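Right, one structure below, let's go through it.
Values in this text are rule-based calculations from the coordinates and carry no lab data. Model, not experiment: these values are computed from the prediction. With ideal geometry, Cβ positions are generated from the backbone for all residues, glycine too; neighbour counts draw on all protein chains shown.
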Amino acid sequence: MKILIKKGRLIDPLQGLDMIGDLLIEEGKILGFERNIEISEKMEIIFAENLWVLPGLIDIHVHLRDPGEEWKEDISSGTLAALYGGVLRLACMPNTKPPNDSPEITAYIIKKAKEKGWIKVLPVACITKNQEGRELTEFGRLKLSGAVALSDDGRWVQNSEVMKRALRYAKNFDLPIISHCEDHTLTEGGQVNEGKMSAKLGLKEIPASAEVIAVIRDIQLAKDTQHPVHLAHLSTKEVLPFLRWAKEEGIPFTAETCPHYFTLTEEEVEDYNTLAKVNPPLRTREDVEAIKLALKEGLIEVISSDHAPHSELEKNVEFELASFGIIGLQTLLPLSLELVREGILSPLKLAEYLILNPSRVLKIEPPSFKKGAPAEVILVSPEEKYLLTEEIIKSKSKNTPFLNKELKGRVKKVILDNQIYDLS
């Protein structure tokens with residue numbers, strides 16, 4: 001079957017493409033794009049006026065909670081939420097129960113994703129056994145079993161000598177290292193950003209310095225080992241001078257942030273709103289504007305969701321007992337589109353941050369509109385307004401501060417493996 005997408009705004013960061021035109025797909029492969037492709041009788045036509053047509057997004061930072069906490073999320077529900085968010089590949093973090101620190105668990109995730117998943121799942125395995133920060137996992141066996149990267153996400157590898165060995169060892173296997181940038185000796189028991197809200201609510205603070213210290217150390221170790229480190233979910237203005245220095249020095253690193261860090265401030269936790277309790281915490285308006293500047297400047301070049309599902313039982317409790325984290329697979333794109341509306345990123349640059357750069361971090365071939373590439377295509381209505389209701393959310397968990405709020409930008413259709421999903 002041939003599928004012809006007519007008169008959409010074709011955006012492909014791999015090719016630097018941003019044009020109004022037609023895209024032709026046959027049997028799950030891209031045949032090509034032109035300003036105008038003639039319609040024939042044997043084509044299924046999708047008219048895409050006023051829609052953006054993009055390769056599928058890649059979310060580099062997702063918690064699927066499978067194995068071990070499937071009541072919050074599982075591979076089926078998480079990948080369905082991803083599909084509705086336009087994310088057609090995701091990297092799942094290893095802090096499951098048990099943690100993904102063995103080839104057997106990596107293989108389980110891949111097998112279940114093939115059987116139950118809606119999109120492609122790329123497992124991230126642990127840097128250290130049981131995420132305890134002491135003994136390295138077997139990087140080579142993990143890669144052979146299908147792991148695409150290594151991280152102790154949720155925990156920083158506190159021991160610098162262990163982290164340095166991890167970077168050197170990972171270099172032998174060409175495996176990316178993703179670091180959860182947080183010095184836990186400064187954040188133990190912390191609940192919210194250090195500042196006005198921690199004082200007002202009487203909650204133990206999480207200082208920005210915990211993130212800064214972790215970033216500085218990891219950048220320096222990347223310099224020492226000449227193996228890249230990927231700095232996850234950056235949230236504070238205080239790290240930017242060090243990122244700028246690292247760029248100038250040519251140190252191999254990449255950095256990501258998440259939409260909530262350039263959209264929301266610490267004011268969201270007013271009245272002890274546990275839906276806004278996230279780690280690292282929401283910070284100040286100055287931090288929000290600085291993160292936007294870092295995206296514009298290219299100091300941060302990846303946007304991920306840090307999708308972290310929790311059940312109502314874990315959120316509808318006293319603030320200090322509530323779990324950290326918010327879901328984000330279906331809000332990743334609409335919230336990121338605000339960067340285009342504000343003139344911070346062009347549509348093509350945003351696509352680079354959501355598609356091309358995540359693929360480069362993971363060292364995988366990015367989806368594109370190149371002839372012969374697998375068809376991984378999303379059609380987006382960038383200006384469509386709607387309320388994010390529980391019915392719209394496909395995750396098992398509904399823990400988001402954007403619940404019942406208006407969003408702008410919605411995925412309308414997905415074409416994947418020669419199948420058309422109508423999501424409107």
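Points worth noting:
- Debye, to nearest 20: dipole size of the chain, +1 on Lys, Arg Cβ, -1 on Asp, Glu Cβ: 940
- Among Leu321, Leu356, Leu231, residue whose mean-square fluctuation peaks in a GNM of the chain (springs only between Cα atoms under 10 Å): Leu321
- Comparing Leu354, Leu203, Leu122 in a Gaussian network model of the chain (Cα springs below 10 Å), the most mobile by mean-square fluctuation is Leu203.
- Environment charge of His184, counting only residues whose C-beta is closer than 12 Å and scoring Lys/Arg +1, Asp/Glu -1: -4
- Zone residues, the range 226-240, relative to His184, backbone N less than 16 Å from point 7 Å out along Cα-to-Cβ: none
- When only alpha carbons are used to place a centre, the range 55-133 and the range 158-236 end up 22 Å from one another.
- For the range 1-53, applying the loop criterion from DSSP together with a ceiling of 13 other beta carbons within 10 Å to the GluC sites (Glu not before Pro) yields Glu27, Glu38, Glu41, Glu49.
- Using alpha-carbon coordinates, inclination of helix 285-297 to the longest axis of the chain, degrees: 50
- In the chain, the longest principal axis of the Cα atoms and the axis of helix 208-225 are about 80 degrees apart.
- In range of the label at Arg165: residues from the range 112-131 whose backbone nitrogen is under 15 Å from the point 7 Å along Cα→Cβ: 127-131
- Positive dipole terminus of the range 22-120, leading residue within Ile109, Ile46, Ser77 (C-beta point charges): Ile109
- GNM flexibility winner over the chain from Leu329, Leu348, Leu54 (Cα, springs under 10 Å): Leu348
- The chymotrypsin sites (Phe, Trp or Tyr not before Pro) of the range 1-76 that DSSP puts in a loop, and whose beta carbon has at most 16 other beta carbons within 10 Å, are Trp71.
- When the C-alpha to C-alpha distance is required to be over 27 Å, the pairs from Lys6/Lys29; Lys72/Lys196; Lys120/Lys370; Lys247/Lys363 that qualify are Lys72/Lys196.
- Mean residue ellipticity at 222 nm, helices only, the chain: -8000 deg cm²/dmol; runs of at least 4 DSSP H residues each add -39,500 (n - 2.57), and the sum is divided by the number of residues.
- Stretch gain in nm, segment Asn316-Lys385, where the contour uses 0.36 nm per residue and the Cα spacing is subtracted: 22.0 nm
- Loop-located GluC sites (Glu not before Pro) across the range 170-246 with a Cβ neighbour count of 12 or fewer within 10 Å are Glu188, with loop assigned by DSSP.
- Principal-axis analysis of the Cα atoms of the chain puts helix 75-84 at an angle of about 60° to the longest axis.
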